[in-house]
1. Take ARG116 and tell me if it is part of a helix (DSSP H, G or I) and either in contact with a Pro (Cβ under 9 Å, 6 or more places away or on another chain) or at pLDDT below 90 (or both).
2. I'd like the residue in region 177-195 that is small (Gly, Ala, Ser) and assigned to a loop (DSSP other than H, G, I, E, B) and, out of all such residues, is most open to solvent (accessible area, probe 1.4 Å).
3. Working only within region 8-28, note down all residues that are of a type in the set (Gly, Ala, Ser) and in a helix (DSSP H, G or I).
4. Is it fair to say ASN72 is part of a loop (DSSP other than H, G, I, E, B), farther than 24 Å from MET253 by Cα and at pLDDT 80 or above?
5. Kindly indicate which of GLY276, GLY248, GLY287 is modelled with pLDDT of 90 or more and in contact with a His (Cβ under 9 Å, 6 or more places away or on another chain).
6. Give the number of residues within region 133-173 that are closer than 23 Å to GLU41 by Cα, open to solvent by 40 Å² or more (accessible area, probe 1.4 Å) and part of a loop (DSSP other than H, G, I, E, B).
7. Could you identify the single residue in THR270, THR286, THR242 that is under 18 Å from the mean Cα position of the chain (by Cα) and among the polar types (S, T, N, Q)?
Amino acid sequence: MPKLYGAEDPIENARWSLHDAKDRKAFFTDTSICIGCKACEVACKEWNQNPQDGDYEYLSQSHDNTGELGANTWRHVAFIEQGEDEVAKARESGRRLVSLGMPSIGPKTAMTPEQRADAAIAGGNVDTTPPDTPDFRWLMSSDVCKHCTNAGCLDVCPTGALFRTEFGTVVVQNDICNGCGTCVAGCPFGVIQRRDDGTISPKSEPGDHDDVKNMGTANKCTLCYDRLLDGQTPACAQTCPTTSIKFGDHTDMVDKARQRVAELHAKGMTEARLYGANPKDGVGGTGAVFLLLDEPETYGLPPDPVVPTKHLGQIMASYAAASAGMVAVAALAFLGGRK
C-alpha cells in the first residue's frame, strides 16, 4: 500500500513499474507574463467538454466571470487590481523572503528615454535599474489543480476513484466515484468539487443541466491525461499565447521557474517568488509551480498548505497512548476493587 504521506517520488510511491512509469510532468505558470486573455479557460472547457459555469456575466468584485476553480472550471484566471501602496508592500514582502545582495542606488533623475540613451552614449553615470512598476497594475494568474506530491484528495478517497497516473498526476475516475465528497474536504487548495445539478449554482434558463455528464461526481483538472498518453501538450499550455503556462518534465519546470525568479530579481522586481517548488512544504511540493508577484494570499492561495494525512502518524500514536492509558486506569480500578 502506498504511503499516505512522505517525500518519495509520487510515481514510485504509486507502485508503477519501471517499464510503465514516465517522467513526472508539471506546469510552470509565470504570472508575470499572463495577460488575462482566458484562452486557457476556453481551451480547457472545449477539450474536456466541461459544462458552462455561470452566466458569462462579470462578477461585482473583478473583471472575471468564473470566480474560482470548481467542478466545471478546471482553469481559472484571477484578476487582481493593485495600487502603488500594494505594489510597495509586495516588493517589501519579497525582500524579506530573500536577500538579493544588490548594491544600493541613489534616487533616479527625471530623464526621458532619449536623454538616457544620449547619456549612455556619452558614457555618463546612468541609473540602469528597471523603472518602477506604474501606480496601478493588474496581477493575473491562471490557477489549476496542483497535482500534489502528497495529494490529500487521493489519500482520503474511500472508493479508489482517484489514482496516480504514470506521469505523476492525479485523476478522477468518474465511473467509480460515488460522490461522497470526502476528497473535497481533503484538498488543502479547495480545487476538487462535486458537479452539482444546478441547485447550488442555479442558471438563469431551465434545462441548462439536462446534458451535463458526470453529475454529482468529483471533478478537477486531469492535466489532460488523455493527451499525455498520446504525447501531446495539455490544451491550456498549447493555447496560451504568451507562454505564461509552460509544460514539461517536473524537474525542468522547477529549474525554469527558479531561473525566471533570479532574472526578475536581477531586474529589481523583488516581489517575484515561487509557489509549490519546495519539496519540504506541507504537500511535498506540487506538480503545478507558480511564479507570483505578491504573497500567495493575494491570489487566493493558502500560504502554507498541508495535506490532512501529514500528521496521521502522530494522531494514531496519540490515540494509541490514550487508549493504553485508559486500559491501565481501568485495570488498576478493577484490581483495586477486588481488595
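1. The answer is yes for ARG116.
2. GLY190
3. Here is the first cut: in region 8-28, the residues of a type in the set (Gly, Ala, Ser) are 14, 17, 21, 26.
Selection gives nothing.
4. Details: part of a loop (DSSP other than H, G, I, E, B): yes; farther than 24 Å from MET253 by Cα: yes; at pLDDT 80 or above: yes.
Spelling it out, ASN72 is indeed part of a loop (DSSP other than H, G, I, E, B), farther than 24 Å from MET253 by Cα and at pLDDT 80 or above.
5. Just one listed residue meets the conditions, GLY287.
6. Of the residues in that region, 1 qualify.
7. Working: THR270 fails: under 18 Å from the mean Cα position of the chain (by Cα); THR242 fails: under 18 Å from the mean Cα position of the chain (by Cα).
THR286 is the lone residue from the list that is under 18 Å from the mean Cα position of the chain (by Cα) and among the polar types (S, T, N, Q).
Table: residues versus (1) within 14 Å of THR31 (Cβ to Cβ); (2) in contact with an Asp or Glu (Cβ under 8 Å, 6 or more places away or on another chain).
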{"residue": "GLY216", "(1), (2)": "no, yes"}
{"residue": "LEU223", "(1), (2)": "no, no"}
{"residue": "ASP226", "(1), (2)": "no, no"}
{"residue": "LEU229", "(1), (2)": "no, no"}
{"residue": "LYS267", "(1), (2)": "no, no"}
{"residue": "GLU271", "(1), (2)": "yes, yes"}
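The values are calculated or read from the model by the stated rules, or taken from the named source; none is laboratory data. Being a predicted model, the structure only gives us computed values, none of them experimental. Virtual Cβ from ideal backbone geometry, glycine too; neighbours counted across all protein chains shown. We work out accessible area using only protein heavy atoms, side chains counted, and drop any ligands, DNA or RNA first. Shrake-Rupley method; radii C 1.70, N 1.55, O 1.52, S 1.80 Å.
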